[in-house]
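K.L.:
The following block contains the structure, expressed as structure tokens.
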Amino acid sequence: MGDALWFELCDDLGRFSIHEFCLITGLKCVGSTHLPVIESRLISRYFSTLKGVSRENLELQMSNAKFDNDDDDAVKLSLLYIMFSIPLSNASAVKIDLKFFALANDLDAFNDFPWGILSWETIRGAICHVVDNRISSKRRPKKKKKKKKTDKVHYSIPGFPHALLVWAFELPLIASKFTIKYEQAILCMRSWTTAKNVKFDDVVVTFAADGESQLKRFVLMPTEEELRKPWVARPFLKNQPAMPQLPPPKSSVPQQSMDTNSEWREFQTEIRG
């Protein structure tokens, strides 16, 4: 849960950890995610003929089901659909753990559940998986094949990848050139909009031209006003993040280590080939 993702920004590093994720999304990021395995009334009533329930099944059920004036069930299924469409997004056919249907039977427990931890772990794991695959592909013997100019590599990132986009908006160079910030808004996610249609090439050119002179090690910290919000204060006061003194380890899956600058450069060489 506490492991951070590190991104190379020109000649320095930017951290995207559960603390940044909490500031951006406002999701609860403290508490236990353990759920007991118990039978769910929602499953037995609406999905008894299925071996597993996906978001696609949820959507179909909500479109066709007659809830017999039972608005509570409609609300519970809708909440599940929202959670697994936005903060825990995945392919529509991926099965949802049945324990969450039992959780939805108790709306107070559902609302108090630390969804932010699961969402953070999902996006972090997905990004690490992409980097690991990239490193593995670099190490495989290359086949002699002419690559077309139109060939592109696409990655599917489940979880809540929008949070990573908002994190990028907080970078000084991005903020000053490509976005507009609403200072009075609480939650980073509600504070930003793009000033125009931003192209990736424009961002690359900006970093190449101005990045080294303007970027420093980038770690989001809460404001005094944000610290007055329980959903921010609890994770930050419980595990206050310090400014990093060492580069990330020689692995796409961050772990505590005594890595040196040379090891960080070796890791970058592996990725770039």
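The values are calculated or read from the model by the stated rules, or taken from the named source; none is laboratory data. In this text the structure is predicted, and so the values were computed from the model without any measurement. Every residue, glycine among them, receives a Cβ derived from its backbone with ideal geometry; neighbour counts consider all protein chains shown.
K.L.:
In the range 136-149, is there at least one residue being modelled with pLDDT of 75 or more and of a type outside the set (Lys, Arg)? Give the derivation first.
P.N.:
Here is the first cut: in the range 136-149, the ones modelled with pLDDT of 75 or more are none.
No, the range 136-149 contains no residue that is modelled with pLDDT of 75 or more and of a type outside the set (Lys, Arg).
K.L.:
Which residue, of 67, 16, 7, is surrounded by fewer than 19 Cβ atoms within 10 Å (Cβ to Cβ) and in contact with a strand residue (DSSP E or B) (Cβ under 7 Å, 6 or more places away or on another chain)?
P.N.:
Residue meeting the stated conditions: 7.
K.L.:
Could you please find all residues in the range 27-58 being hydrophobic (A, V, I, L, M, F, W, C), assigned to a loop (DSSP other than H, G, I, E, B) and surrounded by 13 or more Cβ atoms within 10 Å (Cβ to Cβ)?
P.N.:
Kept after step one, since they are hydrophobic (A, V, I, L, M, F, W, C), are these residues of the range 27-58: 27, 29-30, 35, 37-38, 42-43, 47, 50, 53, 58.
Next cut, assigned to a loop (DSSP other than H, G, I, E, B) only: 27, 29-30, 35, 37-38, 47, 50, 53.
Correct list: 27, 29, 30, 35, 47, 53.
K.L.:
Next question. Inside the range 30-55, can you point out the residues that are under 30 Å from residue 230 (Cα atoms), at pLDDT 90 or above and among the small types (Gly, Ala, Ser)?
P.N.:
32
K.L.:
If you don't mind, there's one more thing I want to ask. Scan (1) touching a Ser or Thr at 6+ places or on another chain (Cβ under 8 Å); (2) surrounded by 13 or more Cβ atoms within 10 Å (Cβ to Cβ) for the single condition residue 24 breaks and write down its number.
P.N.:
(1)
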